[in-house]
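Just below is one structure, and these are the notes that go with it.
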Amino acid sequence: MKLYRVIAAALVALGALASCKSGIEADVEKTLKGMDLDAKIGQMVQLNINLVTNDEGLDEAKMESVFGRWKIGSILNVYKGQAQTREKTAELIAGIQEASMKYIGIPCIYGLDMIHGASYLKEGTFFPQEINIAASFDPHHASEMGRIMAYETRAALCPWIFSPVMDLGRDPRWARLWESFGEDAYLQSVMAVAETKAVQEGDVAACLKHYMAYGAPFSGKDRTPAILTEQDMREKYFRPFKECVEAGALSVMVNSASINGVPTHANKVLLTDWLKDGLDWDGMIVTDWADVNNLFTREHIAADRKEALALAINAGIDMIMEPYDTLCCADLKAAVEEKLIPMSRIDDAVRRVLRLKYRLGLFENPVWDTAAYGEYASDAFVAAAKQAAAESEVLLKNEGVLPIRKGSRILVTGPCANSIRSLNGGWSYTWQGSDDPYFVDGFNTIYEALAAKFGKDKVRFVPGVEFDEADWQAEKNIDIASAAAAARQADVVVACLGENSYCETPGNIDDLNLSANQKALLKAVAASGKPVVLVLNEGRPRIIGDVEPLAKAVVDVMLPGNYGGDALAELLAGEKNFCAKLPFTYPKHINSLHTYDYKVSEQVGIMVGDYNYDAVMDVQWPFGTGLSYTSFEYSGLKCDKSSFKSGDVLEFELELKNVGDVAGKEAVLLYSSDLVASIVPDVRRLRAFTKVELQPGESTVVKLSVPADELAFVGQDGKWHLEKGAFRFAAGNCSLTLDCTETTIR
Ligand code: BGC
């Protein structure tokens, strides 16, 4: 694209711009020329589907108003707030397109929250949530999820999804941690790029969200302010967006909250300077839900809607997700007429909307033949989702109890034991994922999967604690004594503890500890003396430090989706091997919420003197923890260079051997540590990873590349510094130190 712009600039100088415009750019200009201000404003607005529907389906009178009067450019969301069949979804979108073409002559762009597969379609293939995909440390699964969700979304006539989510989940208290690929910027980037590319290769536009640093609320509560250093923003939070944009992402949705006092929807520096101009990106930026209104109703940086609109549009917003009404249309028009927003900005925004529609081929084909999508929900798609689930469940502890021997009498207990809802989490059939008894049929809960695997007569289910379906945090039918009695009759207890499904702000919590009832259940079943396998089924790491020692084995299945129960049964039976690793740091104490790349001085030994102090790093399980039924031996880490400088690519090699008795896959993670830096360095950073499969006794040479410039950090002057001095590299138990021979500042 940069090259295109350079050539275009040269041709302009020669007075030949028209002839160099690509077909799409010429079409965009032609369409824009034919639009008056009302039409332009309409294209910049997105409404919720209930504004064009009634209980029976599309509402002609509403459509006449929305498309005829207001010329609205986009509709979002699932009809009636519940997953529909693909036929119903296609029928609604086809009707919307017909109305849009009839009244405006411009196709509508319809957007849906497909978050872990086609999660708003009945019978859509549900993958594990992104946090699980990250745990697989294998971008193949992100790519497969993207490919299949795009296919199934197009099968329902929808050309745009609000995915991938790429907020770094760096605060375990945050209710949306599980929606993205974990706490590390590099892992997040690799996975998000794989998903974005696959989605768009399937002719569906990805929408990167939520730009940016949404996952770091200071209070831990969703949609509350973040306070961040410029270093962290540029080195970490920006990175996945930059890489996905450079990989061709077509649209971006904005972080609903504020950073350092500036609501992101009004942050011109982030939206225009960093994203659009900085990356030379001609894609489209959409707000999050009602977030222009939030600038005056919640954030108090504008007195009214008109002022809020001017702030947002001037900052770089192109499309306003205004789900509830069309009030913004008149205010936007007034803001333009009063010259609060220059016409050039409106034209730029509309060009970006039209460009997206042209790029998706919507002008030529607002609808297409959905009969061609015969692979929808096919066995092959299901197999891909199930494989992803099996490779995403993390074994954190195993004191000889797993695999569970066939013939064992198993007690399955806990509120997550017999729930598809808790396996899926939010964004599953409904926003909160809360209506699964109505939607889901034919999938196995953990209890059902274990009964199918180990025999109905061997597996008993006594919940002990149940979730209250009406309030995701509430628990009911507490009968711990029955579970404890059943434990005494069993050979092994599988305690499935964690969280019921939730999503976004309703998922805010006041205590990261696992609930008192569930901890009491674990204590009671463990008191039976029978080995307890603790299965954690949760969207964020709930603290279990005081009860974890009672479990002989721990598996964090997080949110593995519809096939997560079956996958777990195969893993617990030893038919498959665990190979996932934690993509976040599992905290042990509420006052020790660290990330793996903490600043070195977050952990210090006792300083002796007048004022003794220390700062202790004590986490439950570090980022990257993940056991297997086999063991891998790391040796011989070496690099092709003994020293390096900017521009070099460091080629690492190490030998990896499967020294156990069963085949297994190992994710090899390579970290760097800048041993002395002019600002306090991170203790370590993930720089490369790969996943390899080895048979028992087999070994292989694993190769990993790290461009030296990746080791740079953002200095006090806002520039990238690769500083002279020693860097340590580590993978497994191997490490080596290399010198950077000169300082480079960019
Ligand atoms: C969420 C977004 C979502 C949007 C549209 C918002 O509340 O923050 O992630 O894409 O709603 O449903």
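Is at least one residue of region 401-410 closer than 30 Å to Q473 by Cβ, in a loop (DSSP other than H, G, I, E, B), modelled with pLDDT of 95 or more and not assigned by TED's automatic domain parsing to the domain that holds F181?
No.
So that you can scan it fast, the table gives a plain yes or no per residue for (1) in the same structural domain as A290 (by TED's automatic domain parsing); (2) open to solvent by 10 Å² or more (accessible area, probe 1.4 Å); (3) within 16 Å of the ligand (Cβ to nearest atom):
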| site | (1), (2), (3) |
| --- | --- |
| G57 | yes, no, no |
| V66 | yes, no, no |
| N77 | yes, yes, yes |
| A83 | yes, no, yes |
| E91 | yes, yes, no |
| S100 | yes, no, no |
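Starting from region 198-221, take each residue that is open to solvent by 10 Å² or more (accessible area, probe 1.4 Å) and list its partners that are within 16 Å of the ligand (Cβ to nearest atom) and of a type in the set (F, W, Y), counting only C-beta distances under 7 angstrom and pairs at least six apart or across chains.
Correct list of pairs: empty, since none qualify.
For E575, only one of the following conditions fails: (1) surrounded by 14 or more Cβ atoms within 10 Å (Cβ to Cβ); (2) within 30 Å of the chain's Cα centre (by Cα); (3) assigned by TED's automatic domain parsing to the domain that holds G425. What is its number?
Of the numbered conditions (1) surrounded by 14 or more Cβ atoms within 10 Å (Cβ to Cβ); (2) within 30 Å of the chain's Cα centre (by Cα); (3) assigned by TED's automatic domain parsing to the domain that holds G425, the odd one out for E575 is (1).
Scan region 312-321 and tell me whether some residue there is within 15 Å of the ligand (Cβ to nearest atom), crowded, with 17+ Cβ neighbours inside 10 Å and more than 27 Å from K197 (Cβ to Cβ).
yes
In this structure, is D379 without any contact (Cβ under 8 Å) to a residue 60 or more places away in the chain and open to solvent by 10 Å² or more (accessible area, probe 1.4 Å)?
So D379 passes the test.
Tell me yes or no: at least one residue of region 353-366 is part of a loop (DSSP other than H, G, I, E, B) and of a type in the set (G, A, S).
The answer is yes; a qualifying residue exists.
Can you work out which of the residues in region 500-534 that are within 30 Å of R223 (Cα to Cα), more than 16 Å from the ligand (Cβ to nearest atom) and not in a loop (DSSP other than H, G, I, E, B) is least open to solvent (accessible area, probe 1.4 Å)?
For region 500-534, the residue satisfying everything is Q518.
Between a residue in region 173-188 that is closer than 16 Å to F241 by Cβ and of a type in the set (V, I, T) and any residue that is within 16 Å of the ligand (Cβ to nearest atom) and open to solvent by 10 Å² or more (accessible area, probe 1.4 Å), which pairs come within a Cβ distance under 8 Å, given they are 6 or more apart or on different chains?
From region 173-188, no pairs qualify.
Could you say which residue among L177, L112 is in contact with a strand residue (DSSP E or B) (Cβ under 9 Å, 6 or more places away or on another chain) and either within 16 Å of the ligand (Cβ to nearest atom) or open to solvent by 10 Å² or more (accessible area, probe 1.4 Å) (or both)?
Residue meeting the stated conditions: L112.
Return the total of residues in region 98-119 being over 16 Å from Q46 (Cβ atoms) and within 22 Å of the chain's Cα centre (by Cα).
Matching residues across region 98-119 total 6.
Collect the residues in region 243-253 that are touching a residue at least 40 places away in the same chain (Cβ under 8 Å), under 29 Å from D717 (Cα atoms), crowded, with 18+ Cβ neighbours inside 10 Å and away from the ligand (no atom under 14 Å from the Cβ), keeping them in residue-number order.
Within region 243-253, E243, C244 meet the criteria.
Taking only region 306-326 into account, find how many residues are closer than 15 Å to W289 by Cα and not in a loop (DSSP other than H, G, I, E, B).
6
Quick check: is even one residue across region 287-297 away from the ligand (no atom under 16 Å from the Cβ), under 20 Å from the mean Cα position of the chain (by Cα) and either of a type in the set (F, W, Y) or surrounded by 24 or more Cβ atoms within 10 Å (Cβ to Cβ) (or both)?
no
Mind checking which pairs have a first residue in region 287-305 that is over 16 Å from G261 (Cα atoms) and basic (K, R) and a second that is away from the ligand (no atom under 13 Å from the Cβ) and open to solvent by 10 Å² or more (accessible area, probe 1.4 Å), Cβ under 8 Å, 6 or more apart or different chains?
What qualifies is R305/F296; R305/L327; R305/D331.
How many residues are open to solvent by 20 Å² or more (accessible area, probe 1.4 Å) and in contact (Cβ under 8 Å) with a residue 60 or more places away in the chain when one looks only at region 486-499?
Summing the residues that are open to solvent by 20 Å² or more (accessible area, probe 1.4 Å) and in contact (Cβ under 8 Å) with a residue 60 or more places away in the chain in region 486-499 gives 2.
Please enumerate the residues belonging to region 115-135 that are among the acidic types (D, E) and surrounded by fewer than 24 Cβ atoms within 10 Å (Cβ to Cβ).
Selection gives E123 alone.
Can you tell which of F644, F713, F652, F689 is under 25 Å from the mean Cα position of the chain (by Cα), farther than 26 Å from L228 by Cα and in contact (Cβ under 8 Å) with a residue 12 or more places away in the chain?
Answer to the check: F689.
Return the pair list, or none, for Cβ contacts closer than 7 Å from residues in region 262-279 that are over 11 Å from V252 (Cβ atoms) to residues that are among the β-branched types (V, I, T) and open to solvent by 20 Å² or more (accessible area, probe 1.4 Å), at least 6 apart or on different chains.
P263/I301; A266/I301
If you check L279, L340, L362, L327, which single one turns out to be modelled with pLDDT of 95 or more and under 30 Å from T505 (Cα atoms)?
L327
Given the conditions (1) open to solvent by less than 20 Å² (accessible area, probe 1.4 Å); (2) within 30 Å of P128 (Cα to Cα); (3) not aromatic (F, W, Y), which single one is not true for G407?
(1)
Counting only residues that are within 16 Å of the ligand (Cβ to nearest atom) and part of a loop (DSSP other than H, G, I, E, B), how many does region 196-224 have?
11
Provide a single number: the residues in region 430-485 that are open to solvent by 70 Å² or more (accessible area, probe 1.4 Å), under 29 Å from the mean Cα position of the chain (by Cα) and closer than 21 Å to Q518 by Cα.
5
Considering D184, D138, which residue is away from the ligand (no atom under 16 Å from the Cβ) and open to solvent by 10 Å² or more (accessible area, probe 1.4 Å)?
After ruling out the rest, the residue left standing is D138.
The values are calculated or read from the model by the stated rules, or taken from the named source; none is laboratory data. It should be emphasised that the depicted structure is a prediction, and the values quoted were computed from it without experimental measurement. Positions of Cβ are generated from backbone atoms using ideal geometry, with glycine treated the same way; all protein chains shown enter the neighbour counts. Each accessible area value is taken on the protein alone, full model and side chains, heavy atoms only, with ligands, DNA and RNA left out. Shrake-Rupley method; radii C 1.70, N 1.55, O 1.52, S 1.80 Å.
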